[in-house]
1. If you rank Tyr350, Tyr196 by how much accessible surface each has, with a 1.4 Å probe, what is the order from largest down?
2. Compare the peptides 236-244, 516-524, 464-472, 597-605 by average per-residue count of other Cβ atoms within 10 angstrom and give them in order, highest first.
3. Enter the accessible area of Ser417 (Å², nearest 10), with the probe set to 1.4 Å and all protein chains included.
4. Please give the solvent-accessible surface of Val323 in Å², to the nearest 10, using a probe radius of 1.4 Å with every protein chain present.
5. Any chance you could list P(r) for segment 575-628, counting all Cα-Cα pairs in 5 angstrom bins from zero, rounded to whole %?
6. Going 7 Å from the Cα of Thr138 in the Cα-to-Cβ direction, what parts of segment 250-269 have a backbone nitrogen less than 19 Å from that spot?
7. Within segment 1-74, list the GluC sites (Glu not before Pro) lying in a DSSP loop whose Cβ has at most 13 other Cβ atoms in a 10 Å radius.
8. Ignoring ligands, DNA and RNA, what accessible area per residue does the chain give at 1.4 Å, in Å²?
Amino acid sequence: MTDTPLWSPDQRRLDDSPWMAFAGFAGERSGLSLADPFALHEWSVNDREGFWSALWDFCEVRGDKGERTLENGDAMPGARFFPDARLNFAENLLSRTGSEPAILFRAEDKLKRQMSWDELSALVSRLQQAFRAHGVETGDRIAAMMPNMPETVACMLAAASIGAVWSSCSPDFGIQGVLDRFGQIEPKLFISCDGYWYNGKRQEVADKLTGIAATLKPEATVIVPLLDNAQAVADAVEGAVTLADFIAAFPAKAVTFEPLPFAHPLYILFSSGTTGIPKCIVHSAGGTLLQHLKEHRLHCGTKPGERLFYFTTCGWMMWNWLVSGLAAGATLCLFDGSPFAPDGNVLFDYAAQEQFAVLGTSAKFIDAVRKAGLEPAKTHDLSSLRLLTSTGSPLSPEGFSFVYEGIKPDVHLASISGGTDIVSCFVLGNPALPVYRGEIQSPGLGMAVDVWDDNGKSITGEKGELVCTKPFPAMPIGFWNDPEGAKYHAAYFSRFENVWTHGDFAEWTPHRGIVIHGRSDATLNPGGVRIGTAEIYNQVEQLDEVVESICIGQDWEDDVRVVLFVRLANGVTLDDALQAKIRSKIRTGASPRHVPARIIAVSDIPRTKSGKIVELAVRDIVHGRAVKNQEALANPEALVFFADLEELKR
């Protein structure tokens, strides 16, 4: 870490930002001086009623706020935000009218189109009417296996407008992966594409859909065209109808919005499912809306008309987060397909052509661009880009440096971290603070984030558990089919009573920023010393010979030893010299404790559909334990290599 920032806010731009406008607005209300970002955060967690009420008003949330802001405010779980409020999530996202684009869309290089605000509202109206005609009522579930395309957004908004609960996954899921998720929630309607593009190739779904629809038995299966065979797919699947036929009888009119309680269920998201059947995490309409408005408007500085992009699929919470950008008046830039088809310039081409203000991606993508030798700063006009965000895994210090050297020297880089559990962030970017290499800038406003040791004591400059000590609106309502709340409590509140334990291994920095060292349940403990896997990745993946890596702790001789698996660049062999180079890099860049006892070359590394490597699944395979739900993986065949390795028997 260094005391020289990579980026500092431009005072003129900061003065014109929504962040500073809110600081002034909240300061007038509270009678406090809140221009300092640390003072604003402190007030936001100490006066949660004042903060969340001010945020509602500043963001001009459509709805009735009610008299009370917070009930039972010290109970986690159990706190109730805005218990008297009535609102509709979709009404707040359909925030604009007119012919300006609400959504831009690209499916690799195969398809390019856009949808205006008026066209989006018209499609939502027609879908809403069709949903009701098929018996969908408040509280019913609508499930979708869809690409990241405009119709997916419209279907979600139509569901939310009548109080139905939306759940989605991407179309690359296998039959069992879809059924493990949607089979638990019994959707009344099922929506799917007719196929999709990936890596330049058509991907057909008809055979898969036949099995899914036969098991789910929805009232109807709606086939949305992306390829050119929606009718053929609909004919092949029992009870299916094309989108065109589904809405044919319903002309567009004004969308009606059902006023619903703040805590009405909006989304069901799923845990990764790599250690069992995925947990169904239920999120509220009001909590999701307020949390996302805060993050888009204040932390990201989004203004109406700006172009907002995040590389995501509909099976990752970042899709839900991206779509909420509509509530800030942003134009969503959607992309579906491979970010390397035909090469790693695809997203930067899109950013330059459509003048993205915000480009969101993953740490793995940034590292892949760096290793591909690309330098968008020299090849693309990114003058409109003011914010680049990264999530999915910790962004390495080298990744931070590459963004400023290879992508754009004057961009605000925001490494962010949260998760499906809260459909948002605990720690993220802050437009009023400098960016330091390797550090996430700050906790989110209203989020009482801390780092605790094993005894529940707050620590600084040491690694510990990331916790949140006070309730916040984006906490889940609960888990589906968990009536007593036992699974929900066990997931987050069993470690420290009445405190959210997130499962990240973290550390405060001297700048009051934070570093995430990886998942705490994947933390290594050689010799009883806790080591975050990200600390090892940050070193080894700097080497040009290593494309990516995955690290586990292997139980060995009454202790744990560190085992590192590496996927090597083409033509590279893991000989003694390279092993010595890797060990030296880790020893000098991290510590001798981090040096692996074994280094093994692999051809592939297993990952979830959203691109996260699965350390726990590899650890289970190495120890002879079955991985319970391989359908959750994008490449389950990669696990085979890790079983019964001779190198790990000595």
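The values are calculated or read from the model by the stated rules, or taken from the named source; none is laboratory data. Remember, predicted model here, so these are calculated numbers, not experimental data. FYI the Cβ positions are ideal-geometry reconstructions off the backbone, even for glycines, and counts take in every protein chain you see. Surface accessibility is based on the protein's heavy atoms, side chains included, excluding ligands, DNA and RNA. Shrake-Rupley method; radii C 1.70, N 1.55, O 1.52, S 1.80 Å.
1. Tyr196, Tyr350
2. Output ranking for 236-244, 516-524, 464-472, 597-605: 464-472, 516-524, 236-244, 597-605.
3. 20
4. For Val323, solvent-accessible area is about 0 Å².
5. 4, 16, 18, 19, 21, 16, 7, 1
6. Only 255-268 pass the distance filter.
7. Glu60, Glu67
8. Values: 24170 Å² over 650 residues.
Heavy-atom accessible area per residue stands at 37 Å².
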